[in-house]
Every structure is written in C-alpha cells, then in structure tokens.
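Here the structure comes first, spelled out in structure tokens, and everything after it is commentary.
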Amino acid sequence: MADVLDSPASDRIENVIGPTATFVGELKCDGGVRIDGVFEGHLETMGNIIIGETAKVLADITGRNISISGAVKGDITASGRLEILSTGVVWGDIEVASFLI
C-alpha cells in the first residue's frame, strides 16, 4: 500500500474549513480542500474539493474532482468529475468533464 506522503499533493486534503468556521475571501491552493462550514468568495485549487453535508458555500469553485453533499450557490468548473450526492444542492452554472448525480 502506498504511503499517503507519496501521493500527489492534489490528492490529499490539505485545507479544511471546519463545521464551526466561516471563511470570507479568496482561497487559492494546489492541494485538496474540504469545507464543512461557511465559505463565501472564490475557491480555486488544482486538487480535489469536498463540500460536506453541513457546508454552505456562496462562491465560484474551480478544482479537479468535486464532491458536493452540502449547499453551493455559484459557478462550478471541474477539470475532472463533479459528483452531487443525495444531500447536495447546487444553484449555478456547471462546466465539467464528467458528471455524476
């Protein structure tokens, strides 16, 4: 089994907005992002993005693979796959290579 440290930075969750946190602004990074709290602004990463079930996001999002379990209002651009789970809600324009509901 490969060590987690050997995986590309974009596959690891390096940035977390917890369920009690609120972030307002612009976040740009190379690694993965997980949001469980409130995020307003703009999010851009080369990695994967996970929007947790308790998350409320009002932002334009750009990433590789994006999984949404919470609420997102904004435009989404995924160079890989966008997955909207049963608890996920999205209001906005979507541009993706692959789409899974």
| query | Which peptide among 70-80, 25-35 comes first, and what is the full order, when sorted by highest mean count of other Cβ atoms within 10 Å? | reply | 70-80, 25-35
| request: Extending each Cα 7 Å along its Cβ direction at GLU95 and VAL24, get the distance between those two points in nm, one decimal. | output: 2.8 nm
| Net charge of neighbours whose Cβ lies under 13 Å from the Cβ of ILE76, counting Lys and Arg as +1 and Asp and Glu as -1 | -3
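Per residue, how large is the accessible surface of the chain? Use a 1.4 angstrom probe and give square angstrom.
Numbers: 5690 Å² over 101 residues.
Heavy-atom SASA per residue in the chain reads 56 Å².
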| request: Tell me the GluC sites (Glu not before Pro) within the stretch 50-101 that lie in a loop according to DSSP and have at most 15 other beta-carbon atoms within 10 Å. | output: GLU53
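The values are calculated or read from the model by the stated rules, or taken from the named source; none is laboratory data. No experiment lies behind these values; they were computed from the predicted model shown. Because the Cβ atoms are built from the backbone with ideal geometry, glycine has one as well, and the counts that use them run over all protein chains shown. SASA here: full protein model, heavy atoms, side chains in, ligands and nucleic acids out. Shrake-Rupley method; radii C 1.70, N 1.55, O 1.52, S 1.80 Å.
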